[in-house]
Each structure stands twice: as structure tokens, then as C-alpha cells.
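The values are calculated or read from the model by the stated rules, or taken from the named source; none is laboratory data. All figures in this text were calculated on a predicted structure; none of them were measured in a lab. Cβ: placed from backbone, ideal geometry, glycine included. Neighbour counts: every protein chain shown.
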Amino acid sequence: MASWYRRFIPNFASLVQPMTKLLNKGHKWIWSKEQEEALQKLKQSLTTPPILACPDFSAKFVLQTDASDYGLGAELNYSATEKECLAIVWAIRKMRCYLEGYRFDVVTDHLALKCLNSIESPTGRIAR
């Protein structure tokens with residue numbers, strides 16, 4: 001079960017290595033102090049902040065975005081405004097399963113994006 005959380009626990013493979021080596025073929029299965037310590041560290045990683053939890057769907061979500069020259073890749077020829085807009089579109093698509101049908105706010109550090117709502121006939125990438 002803990003392996004499902006491996007992407008949320010830093011250095012997971014190193015942390016559970018004492019327990020994993022018990023699964024090696026030809027290795028005698030003996031639970032020692034080393035394995036017990038690894039288990040306790042794993043439990044601590046799973047039960048201390050930050051802790052994964054189900055989202056509270058009764059509250060409004062906040063989607064925070066920030067563009068990068070390299071975050072999405074192959075977008076170096078976009079203007080800063082286009083990158084920021086792309087970051088928002090990408091994030092909404094990525095988090096769609098959590099956001100669809102619920103109220104959410106988008107928070108960005110790019111003030112020029114506020115004017116996009118007032119453009120009557122957008123063109124180019126911004127329109128797409």
C-alpha cells in the first residue's frame with residue numbers, strides 16, 4: 001500500500017530499501033531492527049505534514065499559476081502574456097477533474113491577463 005504514495009514521499013526507494021531487500025531471492029526473511037526503523041520512518045512520512053487528503057469540495061478552489069520559459073517546453077517564442085495564458089489553460093486542463101462543476105479562482109502574477117476579459121474580438125494564440 002505504501003508504494004502507491006511513493007511519488008509523494010521524498011527518497012522513497014532509499015527509505016524502504018531495508019524492507020525491499022527482504023524480497024531478494026535467496027535472502028533469508030528476518031525482520032530486524034533495520035527494517036523496523038525503516039517502517040517507523042515510513043509511517044512518520046505518511047502521517048506528518050504535508051499529509052495528502054481529499055479536497056474539500058464545499059470550499060472554493062484556488063488555482064495558482066506562473067509561466068516559465070521551460071516549464072511546458074517548446075514555447076520559447078511566446079510573449080509573456082501568451083505564456084501566462086497558456087499556463088492557466090494548461091493548469092485548468094490538468095486539474096479539470098477537480099475543478100469541473102465547482103467554483104474556483106485563478107491567481108496569477110501577470111496583470112496584463114486581466115484585460116483579456118475585455119477584448120471583444122481576440123485573435124491569434126490568445127483567441128485559441
Show the residue pairs meeting these rules: Cβ distance below 8 Å; 6+ apart or different chains; first residue within the range 109-128 and closer than 12 Å to residue 80 by Cβ; second residue not in a helix (DSSP H, G or I).
109/66; 110/67
Among the residues in the range 106-113, are any at pLDDT 85 or above and under 29 Å from residue 11 (Cβ atoms)?
no
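Filter the range 33-79 down to the residues that are among the acidic types (Asp, Glu) and in a loop (DSSP other than H, G, I, E, B), then identify the one that is surrounded by the fewest Cβ atoms within 10 Å (Cβ to Cβ). Steps first, please.
Filtering the range 33-79 down to residues among the acidic types (Asp, Glu) leaves 34, 36-37, 56, 66, 69, 75.
Next, only the ones that are in a loop (DSSP other than H, G, I, E, B) stay: 56, 66, 69, 75.
Numbers: 56: 8, 66: 14, 69: 11, 75: 17.
Taking the candidates together, the pick is 56.
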For residue 87, are the conditions met, namely being at pLDDT below 90, in contact with a Gly (Cβ under 8 Å, 6 or more places away or on another chain) and not hydroxyl-bearing (Ser, Thr, Tyr)?
yes
What about residue 57, is it under 17 Å from the mean Cα position of the chain (by Cα) and touching a residue at least 40 places away in the same chain (Cβ under 8 Å)?
no
For the range 6-32, how many residues are assigned to a helix (DSSP H, G or I) and under 23 Å from the mean Cα position of the chain (by Cα)?
8
Please work out if residue 41 is at pLDDT 85 or above and under 20 Å from residue 5 (Cβ atoms).
yes
Criterion: more than 30 Å from residue 106 (Cβ to Cβ) and either modelled with pLDDT of 85 or more or assigned by TED's automatic domain parsing to the domain that holds residue 106 (or both) - qualifying residue of 74, 59, 13
13
Note down all Cβ pairs under 9 Å where the first residue falls in the range 1-28 and is touching a residue at least 40 places away in the same chain (Cβ under 8 Å), the second is charged (D, E, K, R), and they're at least six residues apart or on different chains.
2/43
Test for residue 68: is it modelled with pLDDT of 85 or more and of a type outside the set (A, V, I, L, M, F, W, C)
no
